[in-house]
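Here's the structure we're looking at; comments come further down.
The values are calculated or read from the model by the stated rules, or taken from the named source; none is laboratory data. As the structure is a computational prediction, the values presented were derived from the model and not from experiment. Cβ coordinates were reconstructed from backbone atoms using ideal geometry, including for glycine residues, and neighbour counts include every protein chain displayed.
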Amino acid sequence: MSLHAQHSKTSTSVWHFLRSDPRLWAGAVAVAAVVLLAIAGPWLAPHDPSAFVGRLYLRPNATSWLGTDVLGRDVLSRLLAGGRLFLIQGLAAATFGVLAGVLLGILLGVTKGRTAAFLLFCSDSVMVIPQILLVLLILAAFGSAPLTLTIAVALAQVAYTARVIFAATGRVTTEDYYRAARAVGMGTGSLVLREVLPNVAPAVLVEYGVRLSISFVALASLSYLGFGSGDVDWGAMIHENQGGIALQPWAVVAPVLVLAAFLLGMNLLRDAVARALAARSAR
Amino acid sequence: MSRTTQVSTRLIIRRVLTGVAMLVTVSVLVFVATQALPGDIARTILGQNATAEQLTQLRGELGLDLPVWQQYLHWATGLLTGDLGTSLASGSPVAELLRVRVLNSLTVVLIALVITLPLGLLLGLAAARRGPADVGISAAVQTILSLPEFVVGIVLVVLFGGGLFRWLPPTSPLDPRQLAWNQPRLLILPIATMVLIALPHLVEATKTLLREELASDYVRWARLSGLGDVRLLTGYALPNVLGPISQVAGVTVNYLLGGVVAVETVFAFPGIGSELVAAVAARDIVVVQVIAIGIAAVLLVTFLIADLIGLLTNPRLRRSR
């Protein structure tokens, strides 16, 4: 009972900061709109996304509200059908990447020693390679099936998250309460669960937001570069219709606008949450 | 030799050695990720219908039947002696395949860097003073930061390459017989995209560093003694953050080199980025490895130079005369 009360008190204080932040509402509306569009889209689509409904690169008209694409398919229907896999992949990649990174970061943070130092050096070396290159390396070796793509993007996040959580863990392990708990003989397992995890949780939350954004950006880019699922997809739509920009800009502009609304919304949401957490810890 | 000089020499040697160790680590990682992990490259190249003899022969040609560490040593010594190997997809030497493309990419990246660095410092300086300039610059910075690199390029194409205005060519298929430098009209949009990609990070970091400096005691004392904002920023805060800013400039190169992949693809620009994408699609790991190591090596040298500038401009390590 008392535990529950304490928990709800902390979340109210974060919510108190969040509620009055216009960034949160703008971001939430944009993200929610795009997510709804991606989930309900396939049922709302007026045409079959792979059916040919007219001549290629038709401007918006009565039957195709956003015109037709490079092969004469309905742009609106493809836009509505193209978000589901993308959202699932991004969510999965960020979640697994952050989980692995948090695990590695905490592990390296609490077990100081030669092995930890060596692993940290390797992880830092990985960060020298630009992220898109890292993903492409994995795709070159293992192909670009949707699952491989998701795993590759997840793996590319691990070193970055590990770095951030390693630093956060380091701050905890130099605190008196941690030393005291260790001095009275608490094992590493309970130290991690009871002292480290609750105290790095805000850092994990902020990092998860960052990794979500970066995973979505990476997946959109990879599908634009031609490593997507081969199915309808916003990144791929932009790529295949790029040659018709002068004739039928909507085939490119529509997916760009949806992607931009989603990613900007994510950025605003993340920013609002990070500010609220910082404001709470500053109190 | 004074004591301080010795200290900074030792620091410099240490930093160089760390750089070399990182390059070795990166090369091992690149090699392991592409070649040593389970996953049959020979079958990938030849496809599912390959016969057993064909597979064995290709494995022999690629040296895949040797122990992994021997494969790595063979590959690494090849790179060091300038033997970059033969492309699996085209059969031509990698060095020949990449020569013109490296020049093309280098042209775009260097011009973008020369534009980005002063512009980024200037905008960061302008945004460090709170006010309408800060609000406008920060909004633009956050917008670009949240978009993928290719979207920035596409937006420029839609605006200036045919969608709205038809001022510039929407793609940049360079003539391979001429230097990129001699085809300036084809370079404008790719370079503009690169600048827009790299600028936000530099502006944001400069702003943050200057704000921290402005909040420090010595600046507040200077302000109390009657110095104006502009004087404080340029005369006091800026010189003190040059070291950290040189490191941020190093990171700018990182964003530019990562950006070549998407930007060159958007504009069909014949550089190492678009070649990398083609090589990955063709599963041409020899080319992929060389490009990855090349980019990592350039970045490590850049970070090294940036750190050395940071060490040398740090007043606490300044040589006593």
Exercise. Tell me which of these A:His16 doesn't satisfy, since it passes every other one: (1) in a helix (DSSP H, G or I); (2) at pLDDT 90 or above.
Key: (2)
Quiz prompt | Those residues of region B:122-138 which are surrounded by 14 or more Cβ atoms within 10 Å (Cβ to Cβ) and outside any helix (DSSP H, G or I), in sequence order | solution = B:Arg129
Practice problem: Return the pairs, sorted by first residue and then second, in which the second residue is surrounded by 24 or more Cβ atoms within 10 Å (Cβ to Cβ) and hydroxyl-bearing (Ser, Thr, Tyr), the first residue lies in region A:141-160 and is closer than 23 Å to A:Val210 by Cβ and more than 10 Å from every other protein chain (Cβ to nearest Cβ), the beta carbons are less than 6 Å apart, and the residues are 6+ apart or on different chains. | Solution: A:Val153/A:Ser215
Exercise. Could you list, in sequence order, all residues of region A:169-185 that are over 21 Å from A:Ser281 (Cα atoms) and surrounded by 15 or more Cβ atoms within 10 Å (Cβ to Cβ)?
Key: A:Ala181, A:Arg182
Quiz item: Within the group A:Ser215, A:Ser229, A:Ser223, which residue is in contact with a Gly (Cβ under 6 Å, 6 or more places away or on another chain) and more than 19 Å from B:Val266 (Cα to Cα)?
Solution: A:Ser215
Practice problem: Kindly list the number of the only condition in (1) among the polar types (S, T, N, Q); (2) assigned by TED's automatic domain parsing to the domain that holds A:Ala156; (3) in contact (Cβ under 8 Å) with a residue 40 or more places away in the chain that fails for A:Ser50. | Solution: (2)
Quiz item: In region A:229-243, which residue that is within 12 Å of chain B (Cβ to nearest Cβ) and not aliphatic (A, V, I, L, M) is farthest from A:Leu264 (Cα to Cα)?
Solution: A:Gly243
Quiz item: What tally of residues in region B:95-137 results from selecting those that are within 14 Å of another protein chain (Cβ to nearest Cβ) and touching a residue at least 24 places away in the same chain (Cβ under 8 Å)?
Solution: 2
Practice problem: Determine the pairs where a residue that is more than 8 Å from chain A (Cβ to nearest Cβ) and part of a loop (DSSP other than H, G, I, E, B), located within region B:155-171, has a partner that is surrounded by fewer than 17 Cβ atoms within 10 Å (Cβ to Cβ) and of a type in the set (Lys, Arg) with Cβ atoms under 8 Å apart, the partner being 6 or more residues away or on another chain. | Solution: B:Leu168/B:Arg185; B:Pro169/B:Arg185
Quiz item: In region A:151-167, which residues are surrounded by fewer than 22 Cβ atoms within 10 Å (Cβ to Cβ) and either modelled with pLDDT of 95 or more or among the aliphatic types (A, V, I, L, M) (or both)?
Solution: A:Ile151, A:Leu155, A:Val164, A:Ala167
Quiz item: How many residues, within region B:77-121, are assigned to a helix (DSSP H, G or I) and more than 24 Å from B:Gly258 (Cβ to Cβ)?
Solution: 4
Quiz prompt | helices (runs of 4 or more DSSP H) lying entirely in region A:185-283 (those with 1 or more residues that are of a type outside the set (Phe, Trp, Tyr) and farther than 24 Å from A:Ala152 by Cβ) | solution = A:197-224, A:250-282
Quiz item: If you check every pair at least six apart or on different chains, which have Cβ atoms under 6 Å apart with a residue in region A:171-184 that is of a type in the set (Val, Ile, Thr) first and a residue that is part of a helix (DSSP H, G or I) second?
Solution: A:Val172/A:Tyr178; A:Val172/A:Val196; A:Val172/A:Asn199
Exercise. Could you list all residues from region A:211-221 that are touching a helix residue (DSSP H, G or I) at 6+ places or on another chain (Cβ under 6 Å) and facing chain B (nearest Cβ under 10 Å)?
Key: A:Ser213, A:Phe216, A:Ala218, A:Leu219, A:Ala220, A:Ser221
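Table: residues versus (1) part of a helix (DSSP H, G or I); (2) hydroxyl-bearing (Ser, Thr, Tyr); (3) within 29 Å of B:Ile309 (Cα to Cα); (4) at the interface with chain A (Cβ under 9 Å from one of its Cβ atoms).
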| site | (1), (2), (3), (4) |
| --- | --- |
| B:Leu233 | yes, no, yes, no |
| B:Ala249 | yes, no, yes, no |
| B:Leu256 | yes, no, yes, no |
| B:Ser274 | yes, yes, no, no |
| B:Val280 | yes, no, no, yes |
Practice problem: Please enumerate the residues belonging to region A:89-118 that are within 14 Å of another protein chain (Cβ to nearest Cβ) and surrounded by fewer than 17 Cβ atoms within 10 Å (Cβ to Cβ). | Solution: A:Ala117, A:Phe118
